[in-house]
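Working notes, beginning with the structure itself.
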Amino acid sequence: MDAQLPDVDAGRRFYGELFGWTFEDAYGGSGSSGSSGGSGGSSGSGGAVWARLDGAVVAGLAPKTDGRMPTVWTVYFATPDAQATVRRIRDAGGQVVMDPYPVDGAGTAALASDPEGAVFGLWQAAAPPGGHPGFGLRHTPGSFAWAQLYARDTAAANTFYGHLFHDALFGPGAEPDFGRAPVGDVFAEFMPPHFLVHFGVEDCAAAVGAVNRLGGRVQAEPFDASYGTVAVVTDNQGASFALLQR
């Protein structure tokens, strides 16, 4: 997953303080690690960075190149063949926002939306050693914990995503990472369908307090869901995400 931000250095300070992340230049930069609170000595200050927790890559931050685009967190589904998956998305009634494109030797990315307009990414990792395989750590505090799709028609969403990613989402031994719920369960009914990335935290109420202190805001105070205690927040640049205490 990654966040497209107007100010990557401000994102480093916010998320570094909130989750204890450290950072390094992505895609062939100098590779020098920045501190959790700023640009460090990195020659690529302000450019795309990997976020690390305990040495493992947990997310990416990238500069938003078009001010008309929303400031958002995007979750990427792994695929062995991005071009083939794009064709299946079109056949299933979805749309392709951005056709597959290479990402500096790390892999191939694409952006798509389901029939209701919820946007998600695709990621085809390049072969080792240069390929980026995805999360180096998840399901621990400060890392990816859950992706919730807020949809208007959850049955239709199950059909669409089950057709694309059945084994990962519903197959035997599938690790629970992904849920579906009606938009109106948490948001106003006029809110468009969307994905909401959840980060694990040890104490949801304390994390909400940290978000407020760092200049973010709270969209939904902590509430109980089937998969834990959740709060919906935005960072100090307007990107929405959720905090999840299992």
Contact order relative to length of the chain, as percent, for alpha carbon pairs under 8 angstrom and 6 or more apart: 16
Estimated distance in nm for a label pair at Phe190 and Thr154, the labels positioned 7 Å out from Cα along Cα-to-Cβ: 2.5
Of all DSSP beta bridges in region 76-218, antiparallel share, percent nearest 5: 70
Kirkwood Rh in Å, taken over region 116-246 so that all alpha-carbon pairs contribute: 16.0
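Looking at the chain, send over the antiparallel percent of its DSSP beta bridges, to the nearest 5.
Within the chain, antiparallel bridges account for around 75 percent of the total.
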FRET efficiency, Met69 to Phe135 (Cβ-Cβ, R0 30 Å, nearest 0.05): 0.80
Which label in [x] 47, 42, 35; [y] 53, 39, 38; [z] 48, 41, 38 gives the computed Cα extents along the principal axes in Å: [z]
Length gained when the stretch Ala84-Arg246 is fully extended (0.36 nm per residue, less Cα-Cα span): 54.7 nm
The chain: calculated mean residue ellipticity at 222 nm from DSSP helix runs of at least 4, using -39500 (n - 2.57): -6000 deg cm²/dmol
For region 204-246, alpha-carbon Rg over 2.2 N^0.38 Å: 1.06
Stretchable slack from Thr229 to Val96, in nm (0.36 nm times residue separation minus alpha-carbon distance): 44.5 nm
Cα-centre dipole for the chain with unit charges at Cβ (Lys and Arg positive, Asp and Glu negative), debye to 20: 180
Potential extension, Asp7-Ala127 segment - 0.36 nm per residue separation minus Cα distance: 40.1 nm
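None of the figures in this text is laboratory data; all of them are computed from the coordinates on show. Predicted, not measured: the structure shown is a model, and the values here were computed from it. Ideal geometry is used to build each Cβ from the backbone, glycine not excepted, and the neighbour counts take in all protein chains shown.
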